[in-house]
Amino acid sequence: MVTGSARPPERSSRRLGQNFLADPNLLDAIVREANLDPDDVVLEVGGGGGALTERLAPLVARLHVIEVDERLRQELEPLATRAGNIDLVWGDALRVELSELDPPPGKMVANLPYSIATPLLIRTITELPDLESWVVMVQREIADRLRAEPGTREYGSASVVVQLACEVKLLRAVDPAVFVPRPRVGSALLALRRTRPAPPESLVIVVRAAFAHRRKSMARSLELSRPGSLGPAQRALEAIGRPANARAEILSPSDFERFAKALAEQGAAP
């Protein structure tokens, strides 16, 4: 987990995987990249010691901060009191009812806990329809995966699900030296811009099943998740101009949309 603090607590948590961002210039750059307006409502996940929080709050109308580590109350609660526009939510961001954030956020700016970054981003895309842009620090491997193109090793179900709703852009690579303690992995600042609503759950199920067994053809991978779907899946692939034995990684996000539609027309949708 990487949290936005230039003044880290005395002890980081191994259990939470905390590495605190300790470069004020990078914190300022994150805020600039977010392109904030005075009427914005922003979501930050992983408030840490409040270094990013204190930069965001004066620039926006409302700032929702979700933090799981209650040892950080002594940093965040006084900051929230002074700012007057910070809503502190204590809990696991994967369990918090995002739909209850009021007013709903339109932008997300955060140094995300790396262990939950991918499911959390997908959850915000799905459950926060008013969220239009994200500027987030993530593990470099995650950044590469989310923006991966078809046919590459990094391309997978998360790439497809995110790209069906968002344009994904790498803003900059980030050296481990800017964190305390220093993590063992590289990081990256990633920008997402919503271009469409989140894909329906039925499509997400198809995408995940297609990639569940990467060494098998897509149709056979689907058959393992949904017995009886082998023939329909092969016919649906041919209907969209792809070989019946194609693997999932060669299909673009738009191909998956067309494939799911063709599969549904044969009565084989999930």
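The values are calculated or read from the model by the stated rules, or taken from the named source; none is laboratory data. As the structure is a prediction and not an experimental result, all values here were calculated from the model. No Cβ is skipped: glycine too gets one built from the backbone with ideal geometry, and neighbour counts run over all protein chains shown. Accessible surface areas use protein heavy atoms only, side chains included; no ligands, DNA or RNA. Shrake-Rupley method; radii C 1.70, N 1.55, O 1.52, S 1.80 Å.
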Conditions (1) touching a Pro at 6+ places or on another chain (Cβ under 7 Å); (2) open to solvent by 20 Å² or more (accessible area, probe 1.4 Å) -> Leu72 fails only (2)
Please go through the stretch 201-224 and pick out each residue that is among the hydroxyl-bearing types (Ser, Thr, Tyr), open to solvent by 50 Å² or more (accessible area, probe 1.4 Å) and more than 18 Å from Lys261 (Cα to Cα). none
May I ask you to list the residues in the stretch 43-59 that are surrounded by fewer than 24 Cβ atoms within 10 Å (Cβ to Cβ) and at pLDDT 95 or above? Glu54, Arg55, Ala57, Pro58, Leu59
Taking interchain pairs and intrachain pairs at least six residues apart, which have beta carbon atoms under 7 angstrom, with the first residue in the stretch 163-188 and over 23 Å from Phe256 (Cβ atoms) and among the aromatic types (Phe, Trp, Tyr) and the second open to solvent by less than 50 Å² (accessible area, probe 1.4 Å) and assigned to a strand (DSSP E or B)? Phe179/Val2; Phe179/Asn19; Phe179/Phe20; Phe179/Leu21
So Ile205 clears everything in (1) under 26 Å from Ser133 (Cα atoms); (2) more than 18 Å from the chain's Cα centre (by Cα) except one condition, right? Which one? (2)
Ser115 fails exactly one of the following numbered conditions: (1) open to solvent by less than 20 Å² (accessible area, probe 1.4 Å); (2) closer than 23 Å to Leu21 by Cβ; (3) within 19 Å of the chain's Cα centre (by Cα). What is the number of that condition? (1)
Return the residue satisfying two criteria in turn: it lies in the stretch 172-200 and is in a strand (DSSP E or B) and touching an Asp or Glu at 6+ places or on another chain (Cβ under 6 Å), and of such residues it is least open to solvent (accessible area, probe 1.4 Å). Arg194
Could you go through the stretch 148-157 and let me know if any residue there is touching a strand residue (DSSP E or B) at 6+ places or on another chain (Cβ under 7 Å) and surrounded by 20 or more Cβ atoms within 10 Å (Cβ to Cβ). no
Taking the stretch 230-270 and keeping residues on the phi < 0 side of the Ramachandran plot, part of a loop (DSSP other than H, G, I, E, B) and surrounded by fewer than 14 Cβ atoms within 10 Å (Cβ to Cβ) leaves Pro243, Asn245
Would you mind finding the one in Glu97, Glu77 that is farther than 22 Å from Asp37 by Cβ and either in contact with a strand residue (DSSP E or B) (Cβ under 8 Å, 6 or more places away or on another chain) or hydroxyl-bearing (Ser, Thr, Tyr) (or both)? Glu77
